[in-house]
Amino acid sequence: MSDDATKYTLVNRHLLSTLMQRTGTGERTTTRKLAADIGIAHGTIGGLLTGAVRVVPESTAVDIAARIGVDLLVLFAPVCRANPAPLAIVTEAGTA
């Protein structure tokens with residue numbers, strides 16, 4: 001599965017804002033600095049903070065969490081398919 005196929009949604013934009021005030025290293029980071037540090041557009045971070053951006057690729061979510069200094073699932077949750085594929089039920093004869 002490619003990274004582009006796995007998406008993550010920000011759990012709480014206010015938590016991201018709070019954690020940006022004191023990252024894992026104890027320093028404060030700004031929207032522009034965080035974006036520059038991980039190599040994305042600062043509008044993506046700004047959008048996450050305002051709610052305009054709700055979903056990001058896995059690599060972006062991982063990089064943000066790492067730069068902030070928290071585990072991925074503290075800030076983000078994986079986006080699941082709206083309609084998961086149905087499970088096939090196998091009978092004793094081996095057919096679905």
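The values are calculated or read from the model by the stated rules, or taken from the named source; none is laboratory data. Fair warning: this is a prediction, and the values are worked out from it, not measured in the lab. Just so you know, the surface numbers come from the protein's heavy atoms only, side chains and all, with ligands and any DNA or RNA stripped out. Shrake-Rupley method; radii C 1.70, N 1.55, O 1.52, S 1.80 Å.
Normalised Debye scattering of region 14-62 at q = 0.18, 0.19, 0.29, 0.30 Å⁻¹ gives log10 I(q)/I(0) of -0.53, -0.59, -1.29, -1.33, counting only Cα atoms as equal scatterers and leaving out solvent.
Heavy-atom accessible surface of ASP71, to the nearest 10 Å², is about 120 Å², with a 1.4 Å probe and all protein chains retained. Counting every C-alpha pair in region 1-41, the share spaced more than 17 angstrom apart comes to 46%.
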